[in-house]
Amino acid sequence: MSRGALATRADHLTRTMDKIKQYKNVSMTAELDNDLATESELLKQRYQKFIKASDQVRWTLQSTNATEEQIEKDYSAVAEVEEEMSVVVALTKNKREEYKCQLDAEFQGQQRKDQ
């Protein structure tokens, strides 16, 4: 796989991460929670494809006797994406948990009101 193909996969991954980041300051609703869950699944799929592409690029770099600098540049780029991925996964988890707590609080409030 070429570096261009890897860059394309990274672009897809980055666009999905950017879309998820937009949820950071949004008050969650059922619809947004469902959208976030869908985007999260898409992100996981794209991340897996990115990792496979990264492995192929690394193999190509090593088998074509790329310079140490080229290999290090590739490792750095992948590490950067992995770090951003961790941040976005944590954001997704927090927003979905926040919404669940909101629903629980609303439910408990309704129960108290009904008593």
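Which FRET efficiency value, to the nearest 0.05, do you get for K52 and Q102 by plugging their Cβ-Cβ distance into 1/(1 + (r/R0)^6) with R0 = 30 Å? Don't skip to the answer; put the middle values down first.
On the way: r = 37 Å, r/R0 = 1.24.
The formula returns an efficiency of 0.20 here.
Taking the 0 to 90 degree range and rounding to the nearest ten, how far is the long axis of helix 30-63 tilted relative to the main principal axis of the chain, both from C-alpha atoms?
10
Report the FRET efficiency, 1/(1 + (r/R0)^6), for Y75 and K24, where r is their Cβ-Cβ distance and R0 is 41 Å, rounded to 0.05.
Numbers: r = 29 Å, r/R0 = 0.70.
About 0.90, to the nearest 0.05.
Which lysines, if any, have their Cα less than 22 Å from the Cα of K19, not counting same-chain residues under 8 positions apart?
List returned: K44, K49, K93, K95, K100.
Would you calculate, for the chain, the mean residue ellipticity at 222 nm contributed by helices, counting each DSSP H stretch of 4 or more residues as -39,500 (n - 2.57) and dividing by all residues, to the nearest 500?
On the way: 3 runs with 100 residues, N = 115.
So the helix-based figure for the chain works out to -31500 deg cm²/dmol.
Rounded to the nearest 10 degrees, what's the angle between the helix 68-114 long axis and the longest principal axis of the chain, both from Cα atoms, 0 to 90?
Rounded to the nearest ten degrees, it is 10.
How big is D, in µm² s⁻¹, for segment 45-115 by Stokes-Einstein at 25 °C and 0.890 mPa s if Rh is the Kirkwood radius over C-alpha pairs? Intermediate values should be presented prior to the final figure.
Values: Rh = 15.6 Å.
This corresponds to a translational diffusion coefficient of 158 µm²/s.
Please arrange T64, T92 by how many other C-beta atoms lie within 10 Å of their C-beta, fewest to most. Provide the component values of the computation, followed by the final result.
Details: T64 8, T92 20.
Going from least to most buried by this count: T64, T92.
Stretch T38-Q62 to full length: gain in nm at 0.36 nm per residue minus the Cα-Cα span? Mind dumping the intermediate values first?
Numbers: separation 24, 0.36 × 24 = 8.64 nm, distance 3.63 nm.
Result for the pair: 5.0 nm of gain on full extension.
In degrees between 0 and 90, to the nearest 10, how far off the longest principal axis of the chain does helix 3-21 point, with axes built from Cα atoms?
Value to nearest ten degrees: 20.
Which whole-number percentage describes the relative contact order of the chain, with Cα contacts under 8 Å and a sequence gap of 6 or more? Walk me through the numbers before you get to the answer.
Values: 55 pairs, mean separation 44.7, N = 115.
Averaging sequence separation for qualifying contacts and normalising by length gives 39 percent for the chain.
The numbers here are math on the coordinates, done by the rules we state, and not lab data. The structure displayed is predicted, hence computed values, not measured ones. Note that each Cβ is placed from the backbone with ideal geometry, even for glycine, and that neighbours are counted across all protein chains shown.
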